[in-house]
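Report on one structure; see the data block that follows.
The values are calculated or read from the model by the stated rules, or taken from the named source; none is laboratory data. For clarity, every value in this text was computed on a predicted model and none was experimentally measured. Here the Cβ positions follow ideal geometry from the backbone for every residue, glycine too, while neighbour counts run over all protein chains shown. Side chains included, ligands, DNA and RNA excluded: accessible areas come from the protein's heavy atoms. Shrake-Rupley method; radii C 1.70, N 1.55, O 1.52, S 1.80 Å.
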Amino acid sequence: MRKLTFLLIAGIVAISTLFMYIALIFFHTLGSGLVMLALIALVSGTVIWLVQRTLPQTSGSLTLAGLEQPVSVNRDRWGVPLITAASLHDVAFAQGYIMAQDRLFQMELNRRIAQGRLAEIFGAGPKNQIVETDIYLRTLNLYEPAHVEWTHVDERSRLELQAYADGINAFLRSHRRRLPLEFTLLGVGIEPWQPVDSLAYGRVLALSLIGNWRLSYVRALIQDKLGTELTNQLFPPYPAENPSLLTVTGAASPLVSATVPPSGMAPSAGAVSLSTAMSWLSMLPRFKVRMRSGVSLVQALLDSLCGALGSNTWVVDGTRTTTGKPLLANDPHLGISMPAIWYQIALRGGDLDVVGFSLPGIPGVIIGHNAHIAWGISYAEADVTTLYLEILDSAEHPKHYRYTGCWLPLHTRQETIRIRKTDKPVVFTVRSTRHGPLLNESVPDLKHYPPVTLKWTALEPTYTSTGFLQLNFATNWQQFQAAMRDISLNMNFVYSDREGNIGYCMSGMVPLRSGESGLLPVEGSTGTHEWSGHLPHEKMPTLFNPPTHMIVTANHQIVPTDYPVYITRTWDPGYRAQRIIELLAATPRLSVADFQRIQADVYSIPAALQTPYFIAAGTAAGGDAALAANLLQSWDYHLTSQSVSAAVYEVTAGTLLCEILEPLLGKDLYSLYSRIYFASWRLVLLSQLLSNPTAAFFGKSQDVSADTTAICAWRDAAIAQAMSSAIGQLRAKFGADSTKWRWGALHKADFAHPLAKQIPLNLLFGLEPLARPGDSVTVNVGGAEGFSLNPPKYDQIIVAAMRMIIDLADWENSLWVITTGQSGQPFSLHYRDQVSRWDKGIYQPMAVSEHSAGKKRLVMKPRT
C-alpha cells in the first residue's frame, strides 16, 4: 500500500510535468493547446489537492464540538501560534487541536514507542529488529505506571490533560480522511488520543535519558576482560579542575578556572588520581561482547526524542547585566530530529499566560516564561537504575526466584505483538521480580546468561510528570519549588523572576542506595543492595541567590565527590560548564548579545590540552605527521566549520583512541565501549593517557619494568602514527589540497524524517546536510559521537534542539529559535524555514502578542 501510494503521487507529478511540456509544444506548433491545458489543469489540481488537503487551516473560522467559548489562534510569520481563550479548558483544547494540525505523525510515533507498537506500522524490520524493539518496550511496560499516575493526578492537571486530548480528537474526527502524508504512505489510521498517552510519553522521555544501566553492562564486560585497575582507567573520575555547582545543598561552590597550557607548550606529566577498586567488584558473571537488536534500535529512536548527551542552561542576576535584571539562557542538546523536537507556542487564558517550548503530545509549556518567572532545564545525569543479577531455579522451583533465603513467585504477564503484513503475531511472556522486569527475554544477547532485572524509578507507581503543568502557573520561588515535587524526571532547573531573584533546583526521584550499585550489576538475591527510598524533596540540591551571582548547569557535577548522598558517577566531564563560566566572568555587565555569543562558542578545552602533545610528536616524527603538526601550529582551538586545524585534530584524536584501545579491548568490545561511553568522556580519557602514559596502553601490558622515558617514547610514536593516518584519511576523502580539509566538510548535521531514509522519500522529507562547527565538548554542541569508531563517523547526531535567551527586564527583548520549523508536514512553509537561522545562530523575537503574532488568525467557535 505504501509503495503504491507513493508511486501514485510521484506518477501524478511526473505526468503533470510531461503534459505541461507537450502542451507547450502543441501551443507553439499547432497554435492550439486548450484541450491539453485542461488536462494539465486537472492533473495539477489533483496534485495540489493531495498536498493542500493535509495542511492546517490557519485563518478564517471553524466550529468545534467541545469548546466552551470562542478561541483565537494568531500565528506569526514562523507559524508560532498564540492561543487566547477565556478558560484553561479551552486553551488546552485548542493546544491539542493545533498540535495535531502540525505534528500528528510525530505524536503518533511517540505514542507507539511508549506502547511498544512499532511493528504494526513498520513491519518486523531487518533481522526482526523492530519486533525486538517492541518486545523490549513491552517488557518495560510504560503504560501500566502511566495508568496508575492518571488515578492520582490533581484536579487542574486532570482538566488540562483531558481537554488537550479532546482537542486532538476533535481534529481526528474532522480529518479522518485528510491525515498527514505519512499516514497515507504507510496506509495506517490513528486511534483516539487518551490523557494517559501524554503521561506515558513522559516515561518515554525518561527512558531516553537512562544510560547508566547500559554503561553498567559495558563496564562489567570490560572488567571481566581487563580487571579492575584498567577498567577504572577506562572510566576516569570527574576532572578535579572542572567545576561543581554546590558544596552542600544551598551552598554554591566558588567559581574556578581550569589551567589551559598556552599553544606550543606541553602540559606537565602529573597523574590524575583514579578511583580505587572495591573488592566486591571482581565477583561478576561472564557476558559476551554484544548489545544490539531491540536495545540498540530503541535507543536510536529515543535519541531523536530526548538524547541525554548534554544541555546548557545558565542564569545571572541583575548585578551582572546591563539592565539590572536577570538574564537566562537555555539550549537543550538532544538527538537530531525531523521534525523538530520542540514546538514554540504561547498560551493565554484561565490564569495561564505562558510562552515557551512544548513537546508534541504533552499540554502546556516545558521550558519558557510566564508573566512572573522564567526557567530553563538540563539533564541532571542522576543514576536512577540498578541492574540486579537474579537466581532462578526452573527445575526444583519453577516460576520462582531466590530472595533473602526464600523462593518467591515470579510475576508474569502475556504480551501480543501484531506485525504489519502478517497474520501471525508474536506472543511472549514477561517475567518480573520485586526489582523489575527480567531483561533476558527482551535483550537477545542476554538470553543465555544469568537472569538480569532492571529496577528503574519511572516504573514505580509514585512517578509523576504533572509538575511541568503546575510550573506554568508558578509566580514565585516558593510555587516553583512546589511544582518540583511533582516532577519525577531528574532535571537541573534554573530559575529567575521579575523581582530579580535567581535559583537552582534538581527535580526527580533520586534513589537512596549504595554508590557501587551504579557501577556494575549487583546481586539481587541477598537483599543487600536494595533501595531504601528516595531523597526527600527538601534535601534535593538547591541554590537561591548565590553569592556567585550566576548559576551554570551543563550536565556537569552538581555536588562534590564526597557528597553524603550518591547521585551519579556519570556526570558530563564539565568542559562546557567551565567554558561558560569563563566567558560569563570575562564580561562584567552581560547583555542578550553576550549570551548569543556564548551560545555560539566552539572553543575546545580538550583540544587545548591535547594539541601540544600532537605538535611535539608530529614535528619530531617528520613526514605526514609533521604536516599535521604544521597545520595545528597556529590553531586557536576553535572548532569552526571552516577550520582545517579542527579537522586534523578531530581525526587524529579519534584515530589515536582507536589505535590505543581497540587492540586492548578487541574489536567488538571496543565498538560497544565507543558507542555507549560518551565522546566527551573519551576525550577526558585521551587527555589523561597523554599526560600520564602507561605501558598497558602504549606498550605491552605485561611490561611493568618500562621506565617513564620508554613509555613516553611509545606514546609519541603512537601519536605520530595516528597523525600520519589522519592525513591519509583526509587526503583520501578530500584530495591533496589541504585547504579543502575543513571540519564542516567532514562534520555534517543531517535532519532526516523517519521516512526520509527510503529513496525517493528523502526528496520529500529530507533536508540538505549542513556543514557544522563544534564537537561534544563545545558550548555550541556538535556532538560527533562516532569520531573514534572503526571506521569513524563524524556526523553530528546531537544538536542544540532549540536556543532561548530570556530578558527579565523586558519579555519583548527575549529570543528563541528551533532547529527546523514548526510544522511536521513537508509541504508546509514552516517545515524547514528556521533551519538556516538556527545554523547561523540567528534568533527570532520571543515576543508573542496579538500584534506581533498577527500574520494569520483562526477563530475556533463552539458548536451549540
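In Å², what does the accessible area per residue of segment 450-499 work out to with a 1.4 Å probe? It would help to have the intermediate numbers written out before the result.
On the way: 1470 Å² over 50 residues.
Dividing the accessible area of segment 450-499 by its residue count gives 29 Å².
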Testing the spin-label approximation: label points 7 Å from Cα along Cα→Cβ at residue 68 and residue 86. State their distance in nm.
0.9 nm
Remind me, relative contact order of segment 617-723 in percent, using alpha carbon pairs under 8 angstrom and six or more residues apart?
35 percent
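With Cβ to Cβ distances under 12 Å as the rule, what net charge do the other residues near residue 105 carry (K, R +1; D, E -1)?
Values: positive: 103, 111, 112; negative: 102, 108, 182.
The answer is 0.
Before anything else, pin down the relative contact order of segment 673-748: Cα pairs under 8 Å, at least 6 apart, normalised by residue count, whole percent.
On the way: 27 pairs, mean separation 12.1, N = 76.
Dividing the mean separation by the residue count of segment 673-748 yields 16 percent.
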Violating pairs (Cα-Cα greater than 19 angstrom) within the set 447/667; 667/793; 667/748; 748/840
447/667; 667/748
Give me the one-decimal nm value for the distance between modelled label points at residue 586 and residue 158, 7 Å along each residue's Cα-to-Cβ direction.
5.4 nm
Whole-number value, in Å³ per residue, for the convex hull of the alpha carbons of segment 48-123 is 147 Å³
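Can you tell me the relative contact order of segment 391-539? Whole percent, Cα pairs under 8 Å, sequence separation 6 or more. Before the final figure, lay out the partial values.
Values: 207 pairs, mean separation 23.1, N = 149.
The value is 15 percent.
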Cα extents of segment 390-481 per principal axis, largest first, Å, are 61, 48, 22
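Which order do peptides 426-435, 504-513, 159-168, 533-542 fall in by mean Cβ count within 10 Å, highest first?
On the way: 426-435: 17.2, 504-513: 22.6, 159-168: 24.1, 533-542: 15.7.
Descending packing order for the listed peptides: 159-168, 504-513, 426-435, 533-542.
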To the nearest Å, what is the center-to-center distance of segment 158-214 and segment 444-497, using C-alpha atoms only?
20 Å
What is the list of residues in segment 207-221 whose amide nitrogen lies under 12 Å from a point 7 angstrom out from the Cα of residue 462, following Cα to Cβ?
none
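At 1.4 Å probe size, put 748, 399, 856 in order of accessible surface, largest to smallest. Walk me through the numbers before you get to the answer.
Working: 748 70, 399 155, 856 95 Å².
So the residues, ranked largest to smallest area, are 399, 856, 748.
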Expressed as a whole percentage, what fraction of the accessible surface of segment 786-864 belongs to carbon and sulfur atoms when a 1.4 Å probe is rolled over the protein heavy atoms?
52 percent
Average accessible surface area per residue within segment 182-226, 1.4 Å rolling probe, Å²
20 Å²
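If you rank 803, 832 by how much accessible surface each has, with a 1.4 Å probe, what is the order from largest down? Each step should come with its number before you reach the end.
On the way: 803 10, 832 95 Å².
Ranked list, largest accessible area first: 832, 803.
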For segment 352-431, what is Rg from Cα atoms divided by 2.2 N^0.38 Å, rounded to two decimals?
2.00
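Can you tell me the accessible area per residue over segment 574-729, all protein chains present, probe 1.4 angstrom, in square angstrom? Kindly include the intermediate steps, with their values, before the conclusion.
Numbers: 5160 Å² over 156 residues.
Accessible area per residue, segment 574-729: 33 Å².
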Amide H neighbours of residue 321 under 5 Å, at least 5 residues apart or on other chains, H built in the peptide plane: list them.
590
Kindly list the residues of segment 137-153 that lie in the label zone of residue 414, defined by a backbone N under 18 Å from the point 7 Å along the Cα-to-C-beta vector.
138-139
Compute, for residue 351, the solvent-accessible surface of its heavy atoms (probe 1.4 Å) with the complete set of protein chains present, and express it in square angstrom to the nearest 10.
150 Å²
Shape parameters for segment 477-631, alpha-carbon atoms, Rg then Dmax in Å:
21.5, 65
Compute the normalised compactness of segment 539-594: alpha-carbon radius of gyration over 2.2 N^0.38 Å, N being the residue count.
1.32
What figure, in Å² to the nearest 10, do you get for the accessible area of residue 530 with a 1.4 Å probe and non-protein molecules left out?
40 Å²
Report the gain in length on full extension from residue 53 to residue 394: 0.36 nm times residue separation, minus Cα-Cα distance, nm rounded to one decimal.
116.9 nm
Share of segment 399-461's accessible area from carbon and sulfur, percent, 1.4 Å?
50 percent
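Roughly to the nearest percent, how much of the accessible area of segment 514-602 is carbon and sulfur, given a 1.4 Å probe? Mind showing how you got there, number by number?
Working: 1660 of 3120 Å².
On segment 514-602, the fraction of accessible area on carbon and sulfur atoms equals 53 percent.
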